[in-house]
Amino acid sequence: MPELPEVETVARGLRLVLPGRRILGVRLGKTDFIDDPAALKRELPGKTIASVKRYGKFLVLALDRANGSAGELSLLIHLGMTGQLVTCVAEAPVRPHTHAFLLLDDGRELRYTDIRRFGKIRILTNGEHASALGKLGLDPLEATEAEFIGRMRGRRARVKALLLDQRVLRGIGNIYTDESLWRARVHPKRLGANLKDAELRRLYRAVRDVLNEAIRLRGSSVSDYVDADGQSGEFQLRHRVYQREGQKCSRCKAKIRRVVVAGRSSYFCPGCQRAPR
């Protein structure tokens, strides 16, 4: 599933080309992942894309009315597990499993492709933002060290589960949780309440470093992810534990192992990340 670095990379790419573009038309294929497809066809034509923002793993396209006045609509997009959002000329060949086409006033199209259709597209009014996004936690790239530690300290959940919980921190998923815990030398089964302050500070820095490095390398392409130009990311070449079971740790040469934590496969180094008693 695309996580914070992948979604941020897509948002930055779209931010270069979409703001100021007017939507001329909407064409849809399969719509089982779209809340109210008729609303997209009714509400989007004539609207101008004012901004592109990332909120956790969501993309939010703010829309203005045709006369330039501020509107009350946004387009909320979640890429699910295999979603791709790219811009291209309208005449470009259509890839299989492309289900949404937004024709823009510069002759390009914004296309949404999703093999498994676990993504989500929804029109939001201003009043619906809180209900759709308000329960998400802090953005790890915006949280201060004190805020991050406050979210972790005293919690009886496993630290892996805490990092994955979108109500605690929004945007981190399995890849970057495993990579951050490895950098911080923290075992995924440690309880948040048992982590020392020094370990929490180390984990805070590791999370930020991993996410920023992954954004700089345009994300991890381990499955279907591509950026807004259709290009693959490169951070998968820097993975130190994720999906490397049985391979040697680049730091201590112990063999990477896999356990299940919070229902998810978790990769760690038994030499660098000591298991709790």
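The values are calculated or read from the model by the stated rules, or taken from the named source; none is laboratory data. These figures come from a predicted structure and were not determined experimentally. Note: ideal-geometry Cβ built from the backbone for every residue, glycine included; neighbour counts use all protein chains shown.
Observations
- The residues of region 259-277 that are of a type in the set (A, V, I, L, M) and surrounded by 15 or more Cβ atoms within 10 Å (Cβ to Cβ), listed by number, are V259, V261, A262.
- Near pairs, Cβ below 9 angstrom, 6+ apart or cross-chain, from region 83-112 (free of Cβ contacts under 8 Å to residues at least 40 places away in the same chain and within 15 Å of P19 (Cα to Cα)) to any residue that is of a type in the set (S, T, N, Q) and surrounded by 17 or more Cβ atoms within 10 Å (Cβ to Cβ): E109/T87
- Residue list for region 120-156, restricted to those being of a type in the set (S, T, N, Q) and either touching an Asp or Glu at 6+ places or on another chain (Cβ under 8 Å) or crowded, with 16+ Cβ neighbours inside 10 Å (or both): T125, N126
- Test result for R108, surrounded by 14 or more Cβ atoms within 10 Å (Cβ to Cβ) and either closer than 30 Å to H187 by Cβ or over 17 Å from the mean Cα position of the chain (by Cα) (or both): yes
- Screening T125 with (1) modelled with pLDDT of 95 or more; (2) of a type in the set (V, I, T); (3) farther than 30 Å from D209 by Cβ gives one miss only, at (1).
- Residue in region 33-46 that is touching a Gly at 6+ places or on another chain (Cβ under 8 Å), surrounded by fewer than 21 Cβ atoms within 10 Å (Cβ to Cβ), modelled with pLDDT of 95 or more and over 19 Å from F118 (Cβ atoms) present: yes
Listed here are the residues, each with its yes/no results for (1) in a loop (DSSP other than H, G, I, E, B); (2) of a type outside the set (S, T, Y).
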position: A228; (1), (2): yes, yes
position: Q231; (1), (2): yes, yes
position: Q236; (1), (2): no, yes
position: E245; (1), (2): yes, yes
position: K253; (1), (2): yes, yes
position: V260; (1), (2): no, yes
position: S265; (1), (2): no, no
position: P270; (1), (2): yes, yes
position: A275; (1), (2): yes, yes
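- Elements of type strands (runs of 3 or more DSSP E) contained in region 1-75, each with 3 or more residues being in contact with a Phe, Trp or Tyr (Cβ under 8 Å, 6 or more places away or on another chain): 23-28
- Filter result (in contact (Cβ under 8 Å) with a residue 24 or more places away in the chain, out of contact with any Pro (no Cβ under 6 Å at 6 or more places or on another chain) and either among the charged types (D, E, K, R) or within 19 Å of R277 (Cβ to Cβ) (or both)) within region 149-172: R153, R155, R156, A157, R158, V159, A161, D165, R167, R170
- The set of residues from region 12-26 being small (G, A, S) and either surrounded by 16 or more Cβ atoms within 10 Å (Cβ to Cβ) or modelled with pLDDT under 95 (or both) comprises just one member, G13.
- Selection count, region 64-79, where residues are farther than 17 Å from R12 by Cα and modelled with pLDDT of 95 or more: 1
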